[in-house]
Amino acid sequence: MLGIIVGWSRTIYRGLYPVMIGFNSIPKVAVVPILIIWFGIGVVPAVLTAFLISFFPIVVNVATGLAAMEPELEDVLRALGARKLDIMLKVGIPRTQPYLFGSLKVAITLAFVGTVMSETIGANSGLGHLMVQAGSNFQMPLVFACLIGLAVEGIAMYAVFAYVEAYFTRWAFRSSMSAAG
């Protein structure tokens, strides 16, 4: 929703985009200890870290998708009697779908990074915690098994989002191109 709001209004774009750039510039690894202090050791800091890392690419891509709509198209639609809300709902939002799904495929892999980062800093469970424990006990096969497990999970989630993208945005791709490829 924030991406739609930012992409639809030039004023909001100019006001919020620098704030989002500043927010994204903060290393998330520096935020994890704060999240652990606020929410305790466990799942909540890991989920919040995954969210914080994934948030920026999604908002920026959706805002870019809306902002990339040709002004001539808006002019024609207004000449045909469309209101600004009609243009956004019937043209703008559908046109952002390829941008949204592209950013979701990137964000899901970043979410794994954020979760593991949080689990390595402060958790009692999870693959990040297991890798730290195995590494400190010099159990390198277990560390590599965790890394392979993370890679498999990332590939599976990417494939799920690619499938959903192909289903919802089939119209956006040429017949020789695949949404999943």
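Collect the residues in segment 84-109 that are hydroxyl-bearing (Ser, Thr, Tyr) and within 13 Å of the chain's Cα centre (by Cα), keeping them in residue-number order.
Step one: of segment 84-109, the residues hydroxyl-bearing (Ser, Thr, Tyr) are 96, 99, 103, 109.
Residues satisfying the conditions are Tyr99, Ser103, Thr109.
Part of a helix (DSSP H, G or I) and surrounded by fewer than 17 Cβ atoms within 10 Å (Cβ to Cβ) - does that describe any residue in segment 116-131? Even if it seems obvious, please write down each step before you answer.
Keep residues of segment 116-131 that are part of a helix (DSSP H, G or I), which gives 116-121, 127-131.
Next, from what is left, pick out any that are surrounded by fewer than 17 Cβ atoms within 10 Å (Cβ to Cβ): none.
No.
Condition check ((1) of a type outside the set (A, V, I, L, M); (2) within 17 Å of the chain's Cα centre (by Cα); (3) farther than 20 Å from Ser125 by Cα) across all residues:
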| position | (1), (2), (3) |
| --- | --- |
| Met1 | no, yes, yes |
| Ile5 | no, yes, yes |
| Ser9 | yes, no, yes |
| Arg14 | yes, no, yes |
| Phe23 | yes, yes, yes |
| Ile36 | no, no, no |
| Val43 | no, no, no |
| Leu48 | no, yes, no |
| Ala82 | no, no, yes |
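List, please: which pairs have Cβ atoms under 8 Å, are six or more places apart or on different chains, and start with a residue in segment 11-24 that is over 15 Å from Ile58 (Cβ atoms) and end with one that is aliphatic (A, V, I, L, M)?
Ile12/Ile5; Ile12/Val6; Tyr13/Val6; Tyr13/Ala63; Tyr13/Ala67
Can Val143 be described as in contact with a Gly (Cβ under 8 Å, 6 or more places away or on another chain), under 25 Å from Pro33 (Cα atoms) and assigned to a helix (DSSP H, G or I)?
On the way: in contact with a Gly (Cβ under 8 Å, 6 or more places away or on another chain): yes; under 25 Å from Pro33 (Cα atoms): yes; assigned to a helix (DSSP H, G or I): yes.
Answer is yes for this residue.
Based on this model, can you work out whether Val76 counts as more than 26 Å from Gly149 (Cα to Cα) and either surrounded by fewer than 19 Cβ atoms within 10 Å (Cβ to Cβ) or touching a residue at least 60 places away in the same chain (Cβ under 8 Å) (or both)?
Working: more than 26 Å from Gly149 (Cα to Cα): yes; either surrounded by fewer than 19 Cβ atoms within 10 Å (Cβ to Cβ) or touching a residue at least 60 places away in the same chain (Cβ under 8 Å) (or both): yes.
When the stated conditions are applied, Val76 passes them.
Go through Ala30, Ala50, Ala46, Ala82 for me and flag whichever is part of a loop (DSSP other than H, G, I, E, B), farther than 13 Å from Val6 by Cβ and of a type in the set (Gly, Ala, Ser). So that I can check it myself, show each step before the final result.
Details: Ala30 fails: part of a loop (DSSP other than H, G, I, E, B); Ala50 fails: part of a loop (DSSP other than H, G, I, E, B); Ala46 fails: part of a loop (DSSP other than H, G, I, E, B).
So the residue among Ala30, Ala50, Ala46, Ala82 that is part of a loop (DSSP other than H, G, I, E, B), farther than 13 Å from Val6 by Cβ and of a type in the set (Gly, Ala, Ser) is Ala82.
For segment 25-40, which positions are farther than 23 Å from Asn61 by Cβ and either hydroxyl-bearing (Ser, Thr, Tyr) or surrounded by fewer than 17 Cβ atoms within 10 Å (Cβ to Cβ) (or both)?
First pass over segment 25-40, keeping only residues farther than 23 Å from Asn61 by Cβ: 29-30, 32-40.
Selection gives Val29, Ala30, Pro33, Ile34, Ile37, Trp38, Phe39, Gly40.
State whether one or more residues within segment 80-89 are closer than 24 Å to Leu110 by Cβ, surrounded by 15 or more Cβ atoms within 10 Å (Cβ to Cβ) and modelled with pLDDT under 85.
Pass one, segment 80-89, residues closer than 24 Å to Leu110 by Cβ: none.
No, every residue in segment 80-89 fails to be closer than 24 Å to Leu110 by Cβ, surrounded by 15 or more Cβ atoms within 10 Å (Cβ to Cβ) and modelled with pLDDT under 85.
The values are calculated or read from the model by the stated rules, or taken from the named source; none is laboratory data. Every value quoted in this text rests on a predicted model; they were computed, and no experiment measured them. Every residue, glycine among them, receives a Cβ derived from its backbone with ideal geometry; neighbour counts consider all protein chains shown.
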